[in-house]
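The values are calculated or read from the model by the stated rules, or taken from the named source; none is laboratory data. What you see is a predicted model, and the numbers here were worked out from it, not measured in a lab. Counting neighbours? That spans all protein chains shown, and the Cβs are built from the backbone with ideal geometry, glycine included.
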């Protein structure tokens, strides 16, 4: 069985990612979608949420396995799953230099594991998780860039963020009002003592 891993943060998973995964399934018997914890990237969705979203999208696809990616070398993860290849998506020429360095380093660490570069279809070449989050934050239409499950999750996270922000702002206003009122009353009391 030919296995490949497709590592990434997938925060959130986009139609560009799913297109790459589908293309990988055409080349390999199994594609392991390895979702990184990505603490340094300050992800919008928790690792568990990102895993659940990807699993929901590929539910019923026997060729796709979605796993959490612990902090370790990608080539070591590939070895754990008996993978012969690491799939990497390329969107633009600007991605190539970094990906080439990564592939060269991975080859020096594990010469028997190939790096396979795939591009999504042209209509998705410019789609990135960062852009999707920004469009979603600005209430733009992301329906053609992500699966409906992801769109719902982004809406829900935006709603939670707004609710949280509103509560914090309201609390801040209450605190400021209380502090200002207290200062005013204290000022009156202070001035009445010395009049």
Residues that are at pLDDT below 95 and either farther than 23 Å from residue 151 by Cα or exposed (fewer than 14 other Cβ atoms within 10 Å of the Cβ) (or both): does region 20-40 have at least one? yes
Picked from region 115-140 (must be without any contact (Cβ under 8 Å) to a residue 24 or more places away in the chain and farther than 24 Å from residue 42 by Cα), the residue surrounded by the fewest Cβ atoms within 10 Å (Cβ to Cβ) is 122
Which one is farthest from residue 24 (Cα to Cα), of the residues in region 42-63 that are touching a residue at least 40 places away in the same chain (Cβ under 8 Å) and within 10 Å of the chain's Cα centre (by Cα)? 44
Can you confirm whether residue 72 is within 27 Å of residue 2 (Cβ to Cβ), assigned to a loop (DSSP other than H, G, I, E, B), modelled with pLDDT under 95 and out of contact with any strand residue (DSSP E or B) (no Cβ under 7 Å at 6 or more places or on another chain)? yes
Can you tell me how many residues within region 75-126 are modelled with pLDDT under 95, farther than 21 Å from residue 33 by Cβ and outside any helix (DSSP H, G or I)? 2
Would you mind telling me which numbered condition in (1) touching a strand residue (DSSP E or B) at 6+ places or on another chain (Cβ under 7 Å); (2) within 20 Å of residue 132 (Cα to Cα) residue 94 fails? (1)
Considering region 41-69, residues that are in a strand (DSSP E or B) and at pLDDT 95 or above, and then whichever is nearest to residue 120 (Cα to Cα), we arrive at 64
Only one of 36, 54 is over 25 Å from residue 143 (Cβ atoms) and in contact with a strand residue (DSSP E or B) (Cβ under 8 Å, 6 or more places away or on another chain); which? 36
